[in-house]
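Please read the structure below before turning to the comments.
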Amino acid sequence: MIDDLVNIIKNIKLEGFTDKKIVRDESSRFEKIYDYIEFTTENQVILKKLEIHEIGFDELRRRYNNIYAIDSSTRAIDTPYMFIGVGSATCINRFTGDSLEYPSITSIMAQGEKSYDYIVIIPEIEGFEKDLLDKLEEKKVITRNPAGIRYSPRYSKYVVLDELRLLLENKVLNMLLEKERYRDLYVFVDGPIYYTPPLVYQVNEMHGIRDDLVKYYIESWKVLVGIRVNIIDKLMREKNITVLGIVKRLNRSNILSRRDPVGLSSGNMSDEAYLSVLTTLWFKDKKITPYYIGPIIYDPGKLPVKLPKKTIYYIGIPRRRITNETDYRNYMFYRIEYVEGAEENLEPVIYDSIHTGSILPLSILLADNRVKKITNALVNYFIRMTGLPGESTYQYITF
């Protein structure tokens, strides 16, 4: 059971280190160095012509029962002398109830040796005993980043949680690859299919890397994104499983304004703002209706890891149909992306959102709700078993 890990945690007590200094680094808890903001150059975006394709509410569409959705979640237990991150990932089909989880809920309560590679522990005590770290690693507790670098108190805690979520999502994607029964599916991932954080581009413009942490962040990203792209490619080639990213936070990218096909922006307007203005202008004298824009080809450019181009579509869906007045407050936008080379995959997304009465794909909403409950349950159980202060979890929201 989890008791063996709890016994190790209970040995990491502040009282037992009265002769050691606390080396907690507050800056590591505030700087979102690794934030995923996809600002691009003009050469990375290929859009021959902007066309708005209206989607009829009453169009008959085939039923897609083969949609799965993946999401991950993390919570942190932050004490003055130790940082603990706990995460989980889920993959679920809302039609059949079939699901995959990592970690498996039933295995957590089972007897025998367990792997705790959904838990990150970073001691923040000077001269922390190596034998305790060894014991944690024997239980597969994560104490190093994906590139094998030992986490230090200075390591951004936001990066730690980002890395944990991506790691867990990769594990669930790999489970789809390994289990024979999963074939001919559409898999929605909450967020981009792969990330290209601006930090990676910025390093190319720097004259060397002064801070070792920046190098560690990039090396870790290279490992995670390499695994993700490899799994997605195998799923498509070997099992006819198409992975689609559903990106909700369009205020973090400026792909449309870099091409500026209708002359709205000088190049720095976010996709959210761009679509808001475009929608208001397009439907000014028309009946409001859902629509999509695309395809747009996104080239990640020259990076330390070779990444495939993405095919991108933007979808705009009215929030309300009470009046015919149209402005940015009436519409919600999100982006669909998948690896270039896959067949056009708009229909399953449209079916799972517009034609189920929701705005965002319903499968994504279900996965999001489920994984947050699983992570909360894991954290509450962990706190109760270890006796750690529960109020410390409120310093971090559930991501």
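The values are calculated or read from the model by the stated rules, or taken from the named source; none is laboratory data. Not measured: the values here are computed from a predicted model. Note that each Cβ is placed from the backbone with ideal geometry, even for glycine, and that neighbours are counted across all protein chains shown.
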task = Determine whether the stretch 282-301 contains at least one residue that is under 25 Å from the mean Cα position of the chain (by Cα), surrounded by fewer than 19 Cβ atoms within 10 Å (Cβ to Cβ) and at pLDDT below 85.
result = yes
query = Residue check, Thr356 against (1) modelled with pLDDT of 80 or more; (2) in contact with a helix residue (DSSP H, G or I) (Cβ under 8 Å, 6 or more places away or on another chain); (3) within 21 Å of Val187 (Cβ to Cβ), all met but one. Which one?
reply = (1)
key: Search result, residues across the stretch 334-355 that are among the charged types (D, E, K, R) and either under 21 Å from Arg94 (Cα atoms) or surrounded by 20 or more Cβ atoms within 10 Å (Cβ to Cβ) (or both)   = Arg335, Glu337, Glu347, Asp352
key: From the options Thr323, Thr398, residue that is surrounded by fewer than 19 Cβ atoms within 10 Å (Cβ to Cβ), over 27 Å from Pro192 (Cβ atoms) and modelled with pLDDT under 75   = Thr323
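So that you can scan it fast, the table gives a plain yes or no per residue for (1) surrounded by 15 or more Cβ atoms within 10 Å (Cβ to Cβ); (2) modelled with pLDDT under 75:
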site: Leu5; (1), (2): yes, yes
site: Glu38; (1), (2): yes, yes
site: Asp58; (1), (2): no, yes
site: Arg63; (1), (2): no, no
site: Tyr68; (1), (2): yes, no
site: Thr74; (1), (2): yes, no
query = Can you tell me which residues in the stretch 157-184 are in contact with a Lys or Arg (Cβ under 9 Å, 6 or more places away or on another chain), among the aliphatic types (A, V, I, L, M) and under 12 Å from Ile232 (Cα atoms)?
reply = Leu173, Leu176, Leu177
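Rundown of residues vs (1) basic (Lys, Arg); (2) touching a Pro at 6+ places or on another chain (Cβ under 9 Å), yes/no style:
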site: Tyr116; (1), (2): no, yes
site: Ile122; (1), (2): no, yes
site: Gly127; (1), (2): no, no
site: Asp131; (1), (2): no, no
site: Lys135; (1), (2): yes, no
site: Ile142; (1), (2): no, no
site: Pro146; (1), (2): no, no
site: Arg154; (1), (2): yes, no
request  = With the checklist (1) touching a residue at least 60 places away in the same chain (Cβ under 8 Å); (2) surrounded by fewer than 22 Cβ atoms within 10 Å (Cβ to Cβ) in hand, flag the one item Asp190 doesn't pass.
outcome  = (2)
Unique match (being at pLDDT 90 or above and assigned to a helix (DSSP H, G or I)) among Leu278, Leu235, Leu244, Leu256 = Leu235
Residues located in the stretch 211-240, provided they are surrounded by fewer than 16 Cβ atoms within 10 Å (Cβ to Cβ) and of a type in the set (S, T, N, Q) = Asn230, Asn240
